[in-house]
2 protein chains.
Amino acid sequence: MSRRPRRGHGRPTLDDVAQAAGVTRITVSRFFHSPDKLAPETAARVRAAVDEVGYVPNAQAGQLASGRSRVVAALVPNLGYSIFAETIQGLSEGLMDSGYELMLMPTAYSLEREERQLRALLAWSPSGLVLTGRRHSAAAEQLLNGLREQGTPVVEIWDRPEAQDEPDAPARIGFDHREIGMRMARHLLELGHRHLGYVDNPVAEDYRARERRAGFAAAAAQAGARLDEVQAPPGDSFDSGRWALQQLLARPPAPSAVAFANDLLAAGAWVDLQALGSSPSAGPALLGFGDFPISRQLRPMLSTVHTPNAEIGRSAARSLLAALQSGAAPEGQALACELVERGSTPRRT
Amino acid sequence: MSRRPRRGHGRPTLDDVAQAAGVTRITVSRFFHSPDKLAPETAARVRAAVDEVGYVPNAQAGQLASGRSRVVAALVPNLGYSIFAETIQGLSEGLMDSGYELMLMPTAYSLEREERQLRALLAWSPSGLVLTGRRHSAAAEQLLNGLREQGTPVVEIWDRPEAQDEPDAPARIGFDHREIGMRMARHLLELGHRHLGYVDNPVAEDYRARERRAGFAAAAAQAGARLDEVQAPPGDSFDSGRWALQQLLARPPAPSAVAFANDLLAAGAWVDLQALGSSPSAGPALLGFGDFPISRQLRPMLSTVHTPNAEIGRSAARSLLAALQSGAAPEGQALACELVERGSTPRRT
DNA sequence: TTGTAAGCGTTATCAT
DNA sequence: ATGATAACGCTTACAA
């Protein structure tokens, strides 16, 4: 009985179920989307028929007909970086069982790459969008505006919430990197340091790292403190951090406290210092950023800034789902970072 | 001019482009999928029309018509775990610009959760599938067999390649965890240890960790060595590792070398040992698994097994894309792990 | 090289 | 509470 037509998956369709249940297509469709509109007895017959024929919905057909894609797309620089990995884990947990699926695209910190991914994404008509950071290429901005105008919720993560002076900004979930940079500097200043160092990360496109550095420098200048800055070279982060600290210490007078763009850089430097026999109270104080797991394992432990990695993702999921349900624009959220005082920044006496 | 019909996105369609170019739909479609079938002059007109109307393809419509989804789905236990994060990063790099998009679903090490995700996935008719590990629920196995029978390439990662005695197994990319466990034990035995310890991880569902442990135990037994085993408690890995090592050392005679299910557990224990003033040559030797970045930063550095995290993802992408192109079944691949001898397993004299 | 006709499997709209 | 009909935007098969 070659019932198979020449095209199609060969999978059972709504019509197959309908036939088995003695109803029509649309009733079966309602069984899935608004079951309460069916007579209980009809629902039971449909349920049985679904199991009998082994029906599996066709997402593409449903999406084409409804115009809703049930895809949430997330663009992040690099999934291998623990902070983003944890954010994505949080995001996917938040999306789980919501009926939305997560489509993931890495951008490698490149605005151009992000724009290309975004273009590819448009074909999917994503229901919602998660981007990293508030800066995009001009063309990408246009695409995003287009999406938002037609009602697609867009959330930017890992950046500061929208300010008064940017009323049309998308919802943002994260924190102000410049401010965190200032807090880092002020913390070291409060500990009595008057000559600071800053080790920036090597990724030129990571403007958020640059903002932390700028905030750090601004707070140092404000306090009249001296500041030496180094850009860490590309390559293994630990080695880069080590190298950068050596640079700072090589030309006296050396800073008495050094902050780093991330914990990996700081950890490399810290391990090196310890190995060279530097005592925490005599050598330079070190302050990291990100609170990577390693930082609690070094001895003394590394002082750092704790960032809400997973919470950013969960919050983005919540915001998106709420917007999707209400039809309103998604809401941003300021998430707090915590300066974690540990052994690498001892209080000077 | 209310040209808008009552349904639809309002986005330009192939017909809009066709009208602007003075051709028909199908010619525009061909412009995208087999441009060489167009007369150069026609192609130019179509190109101009595409830009003019700002055409963006509708992925759902194309997929419905063609029956091909251009979605590759990946199911992994947890994206926040660095090994899987790196694998997914590798996978998405490998898929980039291939025309396939990555859909990601976490399973939380639960076969039941995996099965549910798989069911949800079926609605999408994924072009290809990446699963973690070779064990699935019985129902999931059925679903997978169904997919494979209808030609969907399925690749299992992080597990040993298919053996002779499992001719129908899907392609696998990874390594044999039992064998690695044996190698770990043998390495310690070769260093002269006759009393070994093993600290297993607390995730009951992580059968691969269990296989490493079993391999370790088998090799120890084979050599007639004594073996003490502990299951680390849930919670912070470092603390768990610490606690587990203390258990092993608490009841003399204590093992002279201890292997761990992962580097985090080992690192916690190692840091503790160092802090207590144990000298590497006197205290127990420690061997981790996974070669996490932290392991190179501890002093002395932690000996461990290096796993090809990102390469597993890249290889999976290659295998899938090749299968998708050729129509043949995807190929598995054995990837090597390397036992990295470092300071935490000194050679006994 | 280009076009015509016929779906793909679902949901929206309007009836009953 | 259920159904008939018409999209949704694209690709396949077959013609010309």
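Touching a helix residue (DSSP H, G or I) at 6+ places or on another chain (Cβ under 8 Å), within 16 Å of DNA strand D (Cβ to nearest atom) and either within 9 Å of another protein chain (Cβ to nearest Cβ) or under 30 Å from B:Asp291 (Cα atoms) (or both): does that describe B:Ser92? No, not satisfied. A:Asp15: within 16 Å of DNA strand C (Cβ to nearest atom), among the acidic types (Asp, Glu) and away from every other protein chain (no Cβ under 14 Å), yes or no? Yes.
Set side by side, the residues B:Asp291, B:Asp272 differ, and just one is of a type in the set (Asp, Glu) and in contact with a Phe, Trp or Tyr (Cβ under 9 Å, 6 or more places away or on another chain), which is B:Asp272. Based on what the data block shows, is B:Gly197 more than 19 Å from the chain's Cα centre (by Cα) and either within 14 Å of chain A (Cβ to nearest Cβ) or charged (D, E, K, R) (or both)? Judged against the criteria, B:Gly197 is not a match. The listed residues are A:Ala275, A:Ala214, A:Ala244, and the only one of them that is more than 29 Å from A:Ala316 (Cβ to Cβ) and more than 14 Å from chain B (Cβ to nearest Cβ) turns out to be A:Ala244.
Counting just the residues of segment B:19-59 that are of a type in the set (Val, Ile, Thr) and under 26 Å from A:Ala59 (Cβ atoms), which one comes out nearest to DNA strand D (Cβ to nearest atom)?
Within segment B:19-59, the first condition is being of a type in the set (Val, Ile, Thr), and the residues that meet it are B:23-24, B:26-28, B:42, B:46, B:50, B:53, B:56.
Remaining after also requiring under 26 Å from A:Ala59 (Cβ atoms): B:26, B:28, B:56.
Details: B:Ile26: 5, B:Val28: 7, B:Val56: 7 Å.
The selected residue is B:Ile26.
Residues that are crowded, with 17+ Cβ neighbours inside 10 Å and in a helix (DSSP H, G or I) within segment A:184-206 comprise A:Met184, A:Ala185, A:Arg186, A:His187, A:Leu188, A:Leu189, listed in sequence order. So, B:Gln117, is that one within 18 Å of A:Gly99 (Cα to Cα), touching a residue at least 12 places away in the same chain (Cβ under 8 Å) and either away from DNA strand C (no atom under 16 Å from the Cβ) or touching a helix residue (DSSP H, G or I) at 6+ places or on another chain (Cβ under 9 Å) (or both) or not? It is true that B:Gln117 is within 18 Å of A:Gly99 (Cα to Cα), touching a residue at least 12 places away in the same chain (Cβ under 8 Å) and either away from DNA strand C (no atom under 16 Å from the Cβ) or touching a helix residue (DSSP H, G or I) at 6+ places or on another chain (Cβ under 9 Å) (or both). Restricted to segment B:103-147, and to residues there that are touching a Pro at 6+ places or on another chain (Cβ under 9 Å), facing chain A (nearest Cβ under 8 Å) and closer than 26 Å to A:Gly10 by Cα, the residue that is surrounded by the most Cβ atoms within 10 Å (Cβ to Cβ) is B:Met103. Please determine whether any residue of segment B:19-30 is outside any helix (DSSP H, G or I), out of contact with any helix residue (DSSP H, G or I) (no Cβ under 7 Å at 6 or more places or on another chain) and either at pLDDT below 90 or not basic (Lys, Arg) (or both). Looking through segment B:19-30, none of the residues is outside any helix (DSSP H, G or I), out of contact with any helix residue (DSSP H, G or I) (no Cβ under 7 Å at 6 or more places or on another chain) and either at pLDDT below 90 or not basic (Lys, Arg) (or both).
The residue list B:Gly99, B:Gly67, B:Gly80 contains one member that is surrounded by fewer than 19 Cβ atoms within 10 Å (Cβ to Cβ) and at the interface with chain A (Cβ under 7 Å from one of its Cβ atoms), which is B:Gly67.
Which pairs have Cβ atoms under 8 Å, sit 6 or more apart or on different chains, and link a residue in segment A:23-46 that is within 14 Å of chain B (Cβ to nearest Cβ) to one that is more than 6 Å from DNA strand D (Cβ to nearest atom) and not hydroxyl-bearing (Ser, Thr, Tyr)? So the pair list comes out as A:Ser29/A:Leu14; A:Phe32/A:Pro57. Please verify whether segment B:56-63 includes one or more residues that are away from DNA strand C (no atom under 16 Å from the Cβ) and either within 38 Å of the chain's Cα centre (by Cα) or within 30 Å of A:Ile88 (Cβ to Cβ) (or both). For segment B:56-63, residues away from DNA strand C (no atom under 16 Å from the Cβ) and either within 38 Å of the chain's Cα centre (by Cα) or within 30 Å of A:Ile88 (Cβ to Cβ) (or both): present.
The values are calculated or read from the model by the stated rules, or taken from the named source; none is laboratory data. Predicted, not measured: the structure shown is a model, and the values here were computed from it. Using ideal geometry, Cβ is built from the backbone for each residue, glycine included, and neighbour counts are taken over all protein chains shown.
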